[in-house]
Each structure stands twice: as C-alpha cells, then as structure tokens.
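Data first, discussion second: the structure below is written as structure tokens.
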Amino acid sequence: GEDVEQSLFLSVREGDSSVINCTYTDSSSTYLYWYKQEPGAGLQLLTYIFSNMDMKQDQRLTVLLNKKDKHLSLRIADTQTGDSAIYFCAESYSGGYQKVTFGIGTKLQVIP
Amino acid sequence: DVKVTQSSRYLVKRTGEKVFLECVQDMDHENMFWYRQDPGLGLRLIYFSYDVKMKEKGDIPEGYSVSREKKERFSLILESASTNQTSMYLCASSPHTGRSYNEQFFGPGTRLTVL
C-alpha cells in the first residue's frame, strides 16, 4: 500500500537554506506534492512535481525527485520566519478518484 | 478566490452525543474529503466522495459516517462521539482532473474536543 515518510521536525536559522526530505513507497505515484500548513489554517499546495521530472524550481523553492530511491526533497533558499509551518509531502496517481496520500508532516522552525 | 468553509472552528461535545461537521465549497468541485489530523500521525483520510450521493471509505472510517446530498456540501457525522475522536478535522475538495495533477483545497479545520 501507499506510505509516505518524513521527519517530524527541522530547525534552521533565518537566511539559511532548509531541506525537508520525504520517502514514498508507491512506485505507481504519478504526482508528488508539497503542502504547507501555517498555524491555525488548513493545508495549501506549495508545489508539485510530475514523476518523470527530476527537478522543479519555483523562486526560492527547489523540488528534487529521485525516482529510483523514491526520495523527494524540498529546499527553501534564504529561509524566512514566515516559512515557519508544517510541510506535508504527498503523492497521488492519475486515474481513480485522485486520492492523495499525505506524510505526517515536518514542522519547520525558523530561528531569527 | 476559491473557498472551502467549515461550520465551526472549535467544538466541544460530550461522550455519546451525535456530532455534525459541515463543509461547503464554492468551486463546483466533484471530489470532497474528510481527514483528521493528529500530532505524530499526520492526515488520515476518513471518507471521501466523488459525486453527489456517492461516498467511499478512507483509511479510518470506523465511528464516522458521511452525507453528500448536494455537490457543494459534505457532512461528517459522529454517530456517538467518543473521547478518542478528539482531533482536528479538515475538509478538502478537488476537481476531477483526469490525468493532470490533483490539487486539494482545504478548509481551516474544526478542532473537536469530546469530553
């Protein structure tokens, strides 16, 4: 079955880069996602990557996908205090009812 | 601006009460989902619906039921609330996208406490 794993906590200093890692088990995953949850709010899609891509860059965000190792990472450059949030890795496959499987979430703490 | 709203931000109920959590989306989405979020366990899917009057069990449906009488509204029902159902409940919706990526849009959550 599907399983998405990620570490629980990451602490970085403001201005440094953050790297949040995730592993997944479902080889039929078509899309992989990073969602962000700010305190007291629901989740919001941050970025996604199609499984035939290795990398995707969007301003301060870089997503790297190693399909062989089923490893996904999110790098945030020049981390700001506003980046403090919980980051969820997620996967889905095309077809079906587009059920998305989420990881447990990594809490990013940015120290001023 | 797309919107998913949930009827309450905070709710306190007693053990054995019947509890209704309501979710409404204004994006004409076909798919709607109910999750619960617990520390260290992340999001777990309770039920989802891909059309009016249709429902599918998620990973943890026990103790819950759902209702989708209208496309925009998806209700989660706790028939007899128990203390282990104290949690944050998140509703989400998404369109049918065929073979494209699937973005889910989330409501702000309802924090339910069962005493």
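The values are calculated or read from the model by the stated rules, or taken from the named source; none is laboratory data. This is a predicted model, so every value here is computed, not measured. With ideal geometry, Cβ positions are generated from the backbone for all residues, glycine too; neighbour counts draw on all protein chains shown. Heavy atoms of the whole protein, side chains included, go into the accessibility calculation; ligands, DNA and RNA do not. Shrake-Rupley method; radii C 1.70, N 1.55, O 1.52, S 1.80 Å.
Checking the structure you have, find out if any residue of segment B:83-106 is in a strand (DSSP E or B), without any contact (Cβ under 8 Å) to a residue 12 or more places away in the chain and facing chain A (nearest Cβ under 8 Å).
Kept after step one, since they are in a strand (DSSP E or B), are these residues of segment B:83-106: B:87-94, B:105-106.
Then drop every residue that is not without any contact (Cβ under 8 Å) to a residue 12 or more places away in the chain, which leaves none.
No - not one qualifying residue is present in segment B:83-106.
For segment B:54-72, the candidate set comprises residues that are in a loop (DSSP other than H, G, I, E, B) and within 17 Å of residue B:22 (Cβ to Cβ); within that set, the residue that is most open to solvent (accessible area, probe 1.4 Å) is B:55. Evaluation of residue B:60 against the conditions (1) among the β-branched types (Val, Ile, Thr); (2) within 30 Å of residue A:7 (Cβ to Cβ); (3) in contact with a Phe, Trp or Tyr (Cβ under 8 Å, 6 or more places away or on another chain) shows that the sole unmet condition is (3).
Being polar (S, T, N, Q) and over 15 Å from the mean Cα position of the chain (by Cα) holds for only one residue in B:113, B:86, and it is B:113.
Check segment B:4-18 and report whether any residue there is facing another protein chain (nearest Cβ under 9 Å), under 18 Å from residue B:108 (Cα atoms), aliphatic (A, V, I, L, M) and out of contact with any Pro (no Cβ under 7 Å at 6 or more places or on another chain). Yes; the residues of segment B:4-18 include at least one that is facing another protein chain (nearest Cβ under 9 Å), under 18 Å from residue B:108 (Cα atoms), aliphatic (A, V, I, L, M) and out of contact with any Pro (no Cβ under 7 Å at 6 or more places or on another chain). Restricting the search to strands (runs of 3 or more DSSP E) fully inside segment A:1-108 and requiring at least 3 residues that are open to solvent by 30 Å² or more (accessible area, probe 1.4 Å) and closer than 30 Å to residue B:29 by Cα gives A:43-50, A:55-58. Evaluated against (1) free of Cβ contacts under 8 Å to residues at least 60 places away in the same chain; (2) more than 30 Å from residue B:8 (Cβ to Cβ); (3) of a type outside the set (A, V, I, L, M, F, W, C), residue A:28 falls short on exactly one condition, (1).
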